[in-house]
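Contents: one structure, followed by commentary.
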Amino acid sequence: HTHFDGQATWDGDLAPSVLHGVTTIAMGNCGVGFAPAASDRHDWLISLLEGVEDIPGTALAEGLAWDWETFPDYLDALDRRSWTMDVGTHIPHSALRTYVMGERGADHESVPTEGELARMAQMVCEALDAGAIGFATSRTEIHRTSGGEFIPTLTAPEVELLAIADAMGETGSGVVQLISDLYQTNDEDFFASELSLLESFVELSGRPLSFTMQQAFHAPDRWRSQMDWVDSMVDRGHDVKAQVASRPIGVLIGHSATANPFMFCESYSQVAALGLPERVRALAEPERRSRILAQLRAP
């Protein structure tokens with residue numbers, strides 16, 4: 001599970017993964033990537049990957065050649081390169097949605113028209129026929145652009161996902177990878193509705209599904225409910241798996257990064273949008289600093 005989607009177009013080593021003995025990587029995960037890509041969406045796609053994975057947008061802007069537009073074009077561009085390991089990529093939902101729907105597609109609450117649904121389904125079939133290893137999406141509030149906007153697939157409607165599921169069923173190929181806020185919710189209705197949607201996707205597509213599963217401090221036993229669902233799906237003959245990290249996930253934190261230890265403190269949110277110099281001055285105010293530290297200790 002990697003996000004080398006940009007780096008793979010200019011770096012044959014694919015460090016640091018190769019240094020750890022990795023022999024095969026998957027890209028396009030969590031629905032983020034760089035194909036399909038309309039010419040007027042390049043900067044936006046960079047801002048999305050920069051926000052979701054903290055990959056510097058300046059490096060992506062300088063490195064990406066953009067010698068592709070459709071997803072099959074992207075695979076052709078990859079075929080012109082070689083690496084130290086094997087590379088496969090999903091077609092990423094966010095790129096697909098914004099390619100078909102344009103600027104509307106960046107709004108996760110925007111619903112595609114029947115024509116746009118048909119176009120997305122067609123492009124998924126084309127991607128799988130060209131060699132995509134599957135389809136990937138994200139339904140978590142954690143994934144945002146560098147500007148703070150939610151990922152465009154956060155609440156993609158059932159009709160959209162099932163149109164893609166139907167397309168995957170027609171091709172009879174590809175896997176499905178996703179992340180959802182399932183693992184960290186205490187809302188039983190939301191939990192049930194998300195599982196119902198995933199169940200419908202698996203039943204309609206007939207394709208293997210894997211999803212990221214973590215343990216959140218505020219919902220420490222939610223993973224048990226998820227695994228009960230996985231067991232029930234497997235018992236019914238479906239290929240469903242939970243993905244967990246074999247090592248803790250490292251996060252770069254700092255006031256010039258997209259994450260810092262105070263980001264969930266209400267008193268910090270009051271100054272979060274300020275430029276760095278102004279924010280540093282505001283954080284030096286004794287009263288504000290005391291409030292932030294008190295809120296940080298509360299959980």
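The protection proxy used here, the mean number of other Cβ atoms lying within 10 Å of each residue, ranks peptides 265-278, 190-203 as follows, highest first: 190-203, 265-278.
Calculate how steeply helix 42-53 sits against the longest principal axis of the alpha-carbon atoms of the chain, using the helix alpha-carbon long axis, and give the answer as 0 to 90 degrees to the nearest 10. Its long axis makes an angle of about 60 degrees. Between rounded, prolate and oblate, where does the range 149-204 land on the alpha carbon gyration tensor, with a ≥ b ≥ c its root eigenvalues, rounded for a/c under 1.5, else prolate if a/b exceeds b/c? Since a/c reaches 1.5 and a/b is larger than b/c, the shape of the range 149-204 is classed as prolate. The spacing between the range 133-211 and the range 1-38, judged by their C-alpha centroids, is 21 Å.
Ordered from largest to smallest accessible area (heavy atoms of protein chains, 1.4 Å probe), the residues Val251, Val100 come out as Val251, Val100. Surface composition of the range 200-291: carbon plus sulfur atoms contribute 56% of the solvent-accessible area (1.4 Å probe, protein chains only, all chains present). Rolling a 1.4 angstrom probe over the protein heavy atoms with all chains in place gives the range 187-299 an accessible area of 65 Å² per residue.
Projected label points at Val159 and Arg297, each 7 Å from Cα along the beta carbon direction, are separated by 5.3 nanometres.
Using a probe of 1.4 angstrom and keeping all protein chains present, the accessible surface of the range 1-92 works out to 42 square angstrom per residue. About its Cα centre, the chain has a charge dipole of approximately 1120 debye under the convention of +1 per Lys or Arg Cβ and -1 per Asp or Glu Cβ, with nothing else charged. Taken one residue at a time, the phi angles of the range 102-116 give Karplus couplings (6.51, -1.76, 1.60, θ = phi - 60°) of x, 4, 4, x, 6, 8, 5, 8, 7, 9, x, 6, 4, x, 5 Hz. Gly and Pro are set to x.
Most tightly packed first, judged by the mean number of other beta-carbon atoms within 10 Å of their residues, the peptides 156-164, 127-135 read 127-135, 156-164. Across the range 55-66, coupling constants 3J(HN,Hα) worked out from phi with the 6.51/-1.76/1.60 Karplus curve, θ = phi - 60°, read 8, x, x, 5, 5, 5, 4, 7, x, 6, 8, 6 Hz, and Gly and Pro carry x. The accessible surface of the range 27-128, taken with every protein chain in place and a 1.4 Å probe, is 45 percent carbon and sulfur. Over the C-alpha atoms of the chain, the Rg to Rh ratio, Rh being the Kirkwood estimate, stands at 0.98.
Distance from the C-alpha centroid of the range 263-289 to that of the range 80-99: 38 Å, rounded to the whole angstrom. The overall shape of the range 24-177 is oblate: from the C-alpha gyration tensor, with semi-axes ordered a ≥ b ≥ c, the ratio a/c is 1.5 or greater and a/b is no larger than b/c. The 3J(HN,Hα) values that the Karplus relation (6.51, -1.76, 1.60; θ = phi - 60°) gives for the range 262-268 are, in residue order, 9, 5, 9, 8, 4, 5, 6 Hz. Gly and Pro appear as x. Using a cutoff of 8 angstrom between alpha carbon atoms and counting only pairs six or more residues apart, the relative contact order for the range 119-250 works out to 23 percent. Sequence-distant contacts, meaning Cα pairs under 8 Å at least 6 residues apart, place the relative contact order of the chain at 15 percent.
The values are calculated or read from the model by the stated rules, or taken from the named source; none is laboratory data. Every value quoted in this text rests on a predicted model; they were computed, and no experiment measured them. Counting neighbours? That spans all protein chains shown, and the Cβs are built from the backbone with ideal geometry, glycine included. Calculation scope for accessible area: heavy atoms of the full protein, side chains included, ligands and nucleic acids excluded. Shrake-Rupley method; radii C 1.70, N 1.55, O 1.52, S 1.80 Å.
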